[in-house]
1. Can you give me the % of accessible surface on the chain that is carbon or sulfur? Probe 1.4 Å, all protein chains present, nothing else counted.
2. Can you figure out the FRET efficiency of Lys126 with Glu47, using R₀ = 35 Å and their beta-carbon distance, to the nearest 0.05?
3. Ser111: accessible area at probe 1.4 Å, nearest 10 Å²?
4. Per residue, how much accessible area does the chain show when a 1.4 Å probe rolls over the protein heavy atoms, in square angstrom?
5. Report the net charge of residues surrounding Arg80, where surrounding means a beta-carbon distance below 14 angstrom and charges are Lys +1, Arg +1, Asp -1, Glu -1.
6. Rounded if a/c is under 1.5, else prolate if a/b is larger than b/c, else oblate: which is the range 57-155, with a ≥ b ≥ c the root eigenvalues of its Cα gyration tensor?
7. Over the chain, with a Gaussian network built from C-alpha contacts below 10 Å, which listed residue (Gly114, Gly64, Gly53) shows the highest mean-square fluctuation?
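The values are calculated or read from the model by the stated rules, or taken from the named source; none is laboratory data. The structure displayed is predicted, hence computed values, not measured ones. So basically every Cβ, Gly included, is an ideal-geometry build from the backbone, and we count neighbours across all protein chains shown. Just the protein is used for accessible areas: all its heavy atoms, side chains included, with ligands, DNA and RNA removed. Shrake-Rupley method; radii C 1.70, N 1.55, O 1.52, S 1.80 Å.
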Amino acid sequence: AMGQYHVEVSRVIAARPQEIYAVLADYRTTHPNILPSQYFKELTIEEGGVGAGTVFRLRMSVMGASREYRMTVSEPEPGRVMVETDAEAGVVTTFTVDPLADGAQSRVSISLTGQTSPGLVGMLEKRLNPLVLRRVFAQELELLDNYVRTRQPSP
């Protein structure tokens, strides 16, 4: 039987949810800027480009292993929750952007649920993937933080 693993990383970013969500949802121009380049090698858009209905291919290289994903984007809660799904690989990544009390800051979470291979490989994946992905997502959130802050016009 295939196992599952789950990873979630959050960060508070000093920007309004709409601004952050807009950066995440635009796969043509802004989203590529927040992908750590040592892990994400190529992003090719097949359909759409902004938000729900976007379909893209993504080549990911982790610990020397390269893998291509074909993601379909949906927006269960537009402006708050956006999901990337590769049904074939059994990988689902969810971006959630919530306003904090003052409205000028947001909590951004990236969570991923993946399927592990059967057997020993699966046991290793279950142990290693969360560690690696946590690092990848923490870096992605840091890039997002920097990107949003440098883009904002100074008051």
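1. Details: 4330 of 8240 Å².
Heavy-atom surface of the chain belonging to carbon and sulfur, 1.4 Å probe: 53 percent.
2. That gives a FRET efficiency of 0.60.
3. 20 Å²
4. Accessible area per residue, the chain: 53 Å².
5. Charge balance near Arg80 sits at -2.
6. Details: a/c = 2.26, a/b = 1.86, b/c = 1.21.
Cα axes put the range 57-155 in the prolate bin.
7. Looking only at Gly114, Gly64, Gly53, the biggest GNM fluctuation is shown by Gly64.
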